[in-house]
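Written below as structure tokens is the structure these notes are about.
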Amino acid sequence: AYLPAPVAQRLMASDPSGMLQVDQRDISVLSADIRNFSAFAAHRPPQETAAMLHAFTCIAVDVVEQHHGVVENVVGDSVLAVWNAYSECADHSAQAMAAAQELLRATRHLLASSQPPSEHSPVQPLALGVGLESGTAIVGSFGPERRRAHAALGEPVSVASRIQQMTVDLSIPILVGPQLASRLGQGSTEALGDYLLEGLSKHYSLYAPAAWAELVPTDPQWVSGATTTERHGEPSSW
């Protein structure tokens with residue numbers, strides 16, 4: 001339960017080892033993160049924060065597995081999932097894209113505000129940002145026999161993580177790297193231009209899913225607040 005199922009099965013079928021054990025695979029990667037979660041956690045009881053993380057992780061695991069992927073890692077409010085890393089998945093790029101879009105839909109209710117909006121509120125609305133990329137990566141385990149670590153490492157993992165961070169700057173919930181975008185059907189994505197990603201030494205062309213605006217959740221609290229303001233003849237704050 002604490003490792004990807006294929007990794008746990010391999011461990012149970014083999015003797016402990018302190019050797020480097022990795023495979024080179026062509027994979028697709030999904031990196032998802034809840035925006036403004038640190039502020040949310042700072043102003044909510046620990047039990048509520050834990051319940052939010054539990055619900056988000058359960059949803060993410062279900063969505064990824066329904067689209068034939070594997071959740072590689074969960075760290076706080078971030079999830080890393082991979083496709084084609086442990087078993088063959090011929091359409092892994094398309095599966096990763098479908099999972100990203102479904103994850104946004106599935107978490108809308110969970111991340112929606114429960115309090116009326118206020119520009120003075122210390123906690124801004126929660127939102128999900130997702131980065132996607134495909135490419136060659138190393139998947140496996142390393143470290144001494146008494147304390148092994150498992151990971152997927154390589155350019156697609158780094159790019160997916162960096163462009164997930166860019167979802168805030170570009171105000172687009174899903175961003176797609178150049179390799180994954182090139183593997184999707186024509187018209188599946190919209191080009192956004194070239195960007196120098198943090199920590200990486202070259203520019204990358206970024207893309208968004210076609211009709212990505214339909215994926216942006218409309219927080220009912222913000223809509224309600226804006227409607228009330230307009231009824232009183234005041235300009236909307238947004």
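Accessible surface for the chain, divided over its residues, is 55 Å² per residue with a 1.4 Å probe.
What does the charge dipole of region 1-69 about its Cα centre add up to, to the nearest 20 debye, if the Cβ of each Lys and Arg holds +1 and the Cβ of each Asp and Glu holds -1?
Numbers: 4 positive and 7 negative charges, 36 e Å.
Charge dipole, region 1-69, about its Cα centre: 180 debye, nearest 20.
Could you sort the peptides 73-80, 90-97 by per-residue average Cβ neighbour count (10 Å cutoff), highest mean leading? Mind showing how you got there, number by number?
Working: 73-80: 17.6, 90-97: 21.0.
Taking the mean over residues of other Cβ atoms within 10 Å, the ranking is 90-97, 73-80.
Could you calculate the contour length gain from L11 to R148, that is, 0.36 nm times the residue separation minus the distance between their Cα atoms, to one decimal place in nm? The partial results should precede the final answer.
Details: separation 137, 0.36 × 137 = 49.32 nm, distance 1.08 nm.
Length gained, L11 through R148: 48.2 nm.
Largest mean-square fluctuation among P209, P178, P45, in a Gaussian network model of the chain whose springs join Cα atoms under 10 Å apart, belongs to P45.
Once each of the GluC sites (Glu not before Pro) sitting in a DSSP loop with at most 14 other beta-carbon atoms within 10 Å is removed, the chain keeps 1-87 as its longest stretch. Nearest 10 degrees is fine. How inclined is helix 92-106 to the longest principal axis of the chain, computing both from alpha carbons? Value to nearest ten degrees: 40.
Tell me the mean residue ellipticity at 222 nm calculated for the chain from its helices only (DSSP H runs of n ≥ 4, each -39500 (n - 2.57), averaged over every residue, nearest 500).
Values: 8 runs with 88 residues, N = 238.
The helix-only estimate for the chain comes to -11000 deg cm²/dmol at 222 nm.
The Stokes-Einstein estimate for the chain, based on a Kirkwood radius over Cα pairs and taken at 37 °C with 0.692 mPa s viscosity, is a diffusion coefficient of 171 µm²/s.
Angle check, please: helix 220-231 long axis (alpha carbons) against the longest principal axis of the chain (alpha carbons), in degrees 0 to 90, nearest 10. Around 20 degrees separate the two axes. Could you tell me which of rounded, prolate or oblate describes region 161-212, using a ≥ b ≥ c as the square roots of the eigenvalues of the alpha-carbon gyration tensor, with rounded for a/c under 1.5 and, failing that, prolate when a/b is larger than b/c and oblate otherwise? Because a/c hits 1.5 or more and a/b fails to exceed b/c, region 161-212 counts as oblate.
Each residue of region 61-71 is assigned a 3J(HN,Hα), and the resulting list reads 4, 4, 5, 4, 5, 5, 9, 6, x, 10, 6 Hz, derived from the Karplus form 6.51 cos²θ - 1.76 cosθ + 1.60 (θ = phi - 60°), x at Gly and Pro.
Annotation for region 141-219: trypsin sites (Lys or Arg not before Pro) lying in DSSP loop with at most 12 further Cβ atoms inside 10 Å of their Cβ are R146, R147, K202. Taking the 1.4 Å solvent-accessible surface of the chain as the whole, the part contributed by carbon and sulfur is 53%.
Please say if region 39-178 is rounded, prolate or oblate, where rounded means a/c under 1.5 for a ≥ b ≥ c the square roots of the C-alpha gyration tensor eigenvalues, and otherwise the choice is prolate for a/b larger than b/c and oblate otherwise? Verdict is prolate for region 39-178.
Please get the size of the charge dipole for region 1-140, origin at its Cα centre, with Cβ charges of +1 on Lys and Arg and -1 on Asp and Glu, quoted in debye to the nearest 20. Mind dumping the intermediate values first?
Numbers: 6 positive and 14 negative charges, 68 e Å.
Charge dipole, region 1-140, about its Cα centre: 320 debye, nearest 20.
Compared with the dominant principal axis of the Cα atoms in the chain, helix 155-170 is inclined by about 0°.
The values are calculated or read from the model by the stated rules, or taken from the named source; none is laboratory data. Note that the coordinates shown come from a computational prediction; the quantities given were computed from them, not determined experimentally. In this analysis, Cβ positions are derived from the backbone assuming ideal geometry, glycine residues included, and neighbour counts consider all displayed protein chains. Surface areas here come from the heavy atoms of the whole protein model, side chains and all, with no ligands, DNA or RNA. Shrake-Rupley method; radii C 1.70, N 1.55, O 1.52, S 1.80 Å.
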